[in-house]
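Take a look at this one; I'll ask things after.
The values are calculated or read from the model by the stated rules, or taken from the named source; none is laboratory data. As the structure is a prediction and not an experimental result, all values here were calculated from the model. All Cβ positions, glycine included, derive from the backbone under ideal geometry; neighbour counts span all protein chains shown. Surface accessibility is based on the protein's heavy atoms, side chains included, excluding ligands, DNA and RNA. Shrake-Rupley method; radii C 1.70, N 1.55, O 1.52, S 1.80 Å.
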Amino acid sequence: MVDIETWMGELSGKMADRFGPRLLYLGLQGSYGRGEANEDSDIDVVAVLDQVELSDLDVYKAIVSAMPEGEKACGFLGGASELKNWPKYDLLTLVQDTRTVYGTLDGLVPPMGRKELAEGAAIGASGLYHAAVHSYLYAPQEEWPGFLKAAGKSTFFVLRTLHELRCGQRVSARRELLACLTGDERALLAPEEGEGAEAAFARLIRWSASAMAEANRAGGGN
C-alpha cells in the first residue's frame, strides 16, 4: 500500500517547484485522508491554484503520472476564483473531508453555516431517495448489491452532515461516526451479514425520506 505521508510530501514538493506561489492549497480526501485506505484505494488529491488553464492541467497530469502508483490519483484541481463562486452546499465535502497538506482553505472557500449543512444534507438525501426508488423499480436484481454498496458511500456523507447539524461535532472517519449512531442509521453503514436486498432498500428509502425532513427543519423549513 502507498505510504501516503511520503507520497503527499513528494507531490507537495514537486507542485511547489513547478507552480511556486501559484500553489495555494494541497490536501487529501477519501479513504487515505480518513485513515481507511486499503491496497485498492484511490488517492484523492485536492489542489487549488490561483487560476487554472489547460496548460496547468497538462503540467499537473505530468507530475502525478510520474509519481509512484500515480495511476491511483484522482480528485479535484481548481482555481481560487472558482471556489469562491462554487455553490456552498457542494463545497461541504471538500471542507469536511479534506486533510490539509499544504496551505489553508481559509479565505479560499466561503464560510459554511447551518444553512449550508442543512442544504447539503437535504440534497444528498433526496438524491439517495430518488436513486433507491428508481433502482428498486427498474434495475435488474443482480445489480442491486452493487447499487446498495455504492449508496452506502453516499449515505456516509449525509449521515456525517446530519451528525454535525445535531451535535455541532465534525467527524471524519466511518468508525468515529458509527460510534455515534444507532438503529437504522447504524445499520445503513454496518448492515447485518446476510441481510436481504429488499430490507436494505426499505431502510434506505425510509431513512432518506426522514433525513430530508430533518434537514429541512434544521435549515428553517417547514
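Looking only at residues in region 104-125 that are open to solvent by 50 Å² or more (accessible area, probe 1.4 Å), in a helix (DSSP H, G or I) and not hydrophobic (A, V, I, L, M, F, W, C), which one is modelled with the highest pLDDT?
Step by step, filter region 104-125, then rank; the result is Glu119.
If Gly146 satisfies all but one of (1) small (Gly, Ala, Ser); (2) open to solvent by 20 Å² or more (accessible area, probe 1.4 Å); (3) under 16 Å from Ala199 (Cα atoms); (4) touching a residue at least 60 places away in the same chain (Cβ under 8 Å), what's the number of the condition it fails?
Result: Gly146 passes all but (4).
Continuing with this model, one more query. Just to verify a result, which residue in region 53-110, among those that are among the polar types (S, T, N, Q) and touching a residue at least 24 places away in the same chain (Cβ under 8 Å), is farthest from Leu162 (Cα to Cα)? Working first, answer last.
In the first step, residues of region 53-110 are kept if they are among the polar types (S, T, N, Q); the result is 55, 65, 81, 85, 93, 96, 98, 100, 104.
Remaining after also requiring touching a residue at least 24 places away in the same chain (Cβ under 8 Å): 81, 93, 96, 98, 100, 104.
Details: Ser81: 29, Thr93: 13, Gln96: 12, Thr98: 18, Thr100: 23, Thr104: 25 Å.
Restricting to residues being among the polar types (S, T, N, Q) and touching a residue at least 24 places away in the same chain (Cβ under 8 Å), the top hit is Ser81.
With respect to Leu181, is the statement that it is assigned to a helix (DSSP H, G or I) and either among the aliphatic types (A, V, I, L, M) or surrounded by fewer than 13 Cβ atoms within 10 Å (Cβ to Cβ) (or both) true?
Details: assigned to a helix (DSSP H, G or I): no; either among the aliphatic types (A, V, I, L, M) or surrounded by fewer than 13 Cβ atoms within 10 Å (Cβ to Cβ) (or both): yes.
Answer is no for this residue.
Of (1) under 17 Å from Tyr89 (Cα atoms); (2) modelled with pLDDT of 95 or more, Ser154 satisfies all except one. Which?
Only one criterion is unmet by Ser154, namely (2).
Of all residues in region 189-213, which are closer than 27 Å to Arg170 by Cβ, modelled with pLDDT of 95 or more and either open to solvent by 50 Å² or more (accessible area, probe 1.4 Å) or of a type outside the set (S, T, N, Q) (or both)? Please lay out each step first, then the result.
First, the residues of region 189-213 that are closer than 27 Å to Arg170 by Cβ: 189-191, 203-204, 206-213.
Now drop any that are not modelled with pLDDT of 95 or more, which leaves 203-204, 206-213.
Once the filter is applied, which keeps residues that are closer than 27 Å to Arg170 by Cβ, modelled with pLDDT of 95 or more and either open to solvent by 50 Å² or more (accessible area, probe 1.4 Å) or of a type outside the set (S, T, N, Q) (or both), region 189-213 yields Arg203, Leu204, Arg206, Trp207, Ala209, Ser210, Ala211, Met212, Ala213.
In addition: Please tell me if Ala47 is modelled with pLDDT under 95, hydrophobic (A, V, I, L, M, F, W, C) and closer than 28 Å to Ala173 by Cα. Spell out the reasoning first.
Values: modelled with pLDDT under 95: no; hydrophobic (A, V, I, L, M, F, W, C): yes; closer than 28 Å to Ala173 by Cα: yes.
So Ala47 fails the test.
Something else now. Residue check: is Leu128 crowded, with 19+ Cβ neighbours inside 10 Å, at pLDDT 95 or above and within 15 Å of Leu204 (Cα to Cα)? If you could, list the steps in order and put the result at the bottom.
Values: crowded, with 19+ Cβ neighbours inside 10 Å: yes; at pLDDT 95 or above: yes; within 15 Å of Leu204 (Cα to Cα): yes.
Spelling it out, Leu128 is indeed crowded, with 19+ Cβ neighbours inside 10 Å, at pLDDT 95 or above and within 15 Å of Leu204 (Cα to Cα).
Here's another thing I want to ask about it. Mind checking which pairs have a first residue in region 1-26 that is of a type in the set (Val, Ile, Thr) and a second that is part of a helix (DSSP H, G or I) and surrounded by 14 or more Cβ atoms within 10 Å (Cβ to Cβ), Cβ under 6 Å, 6 or more apart or different chains?
Correct list of pairs: Ile4/Tyr32.
Given the criterion within 27 Å of Glu36 (Cβ to Cβ) and among the charged types (D, E, K, R), identify the matching residue among Lys61, Lys84. First the steps, then the outcome.
Numbers: Lys84 fails: within 27 Å of Glu36 (Cβ to Cβ).
After applying the criteria, what remains is Lys61.
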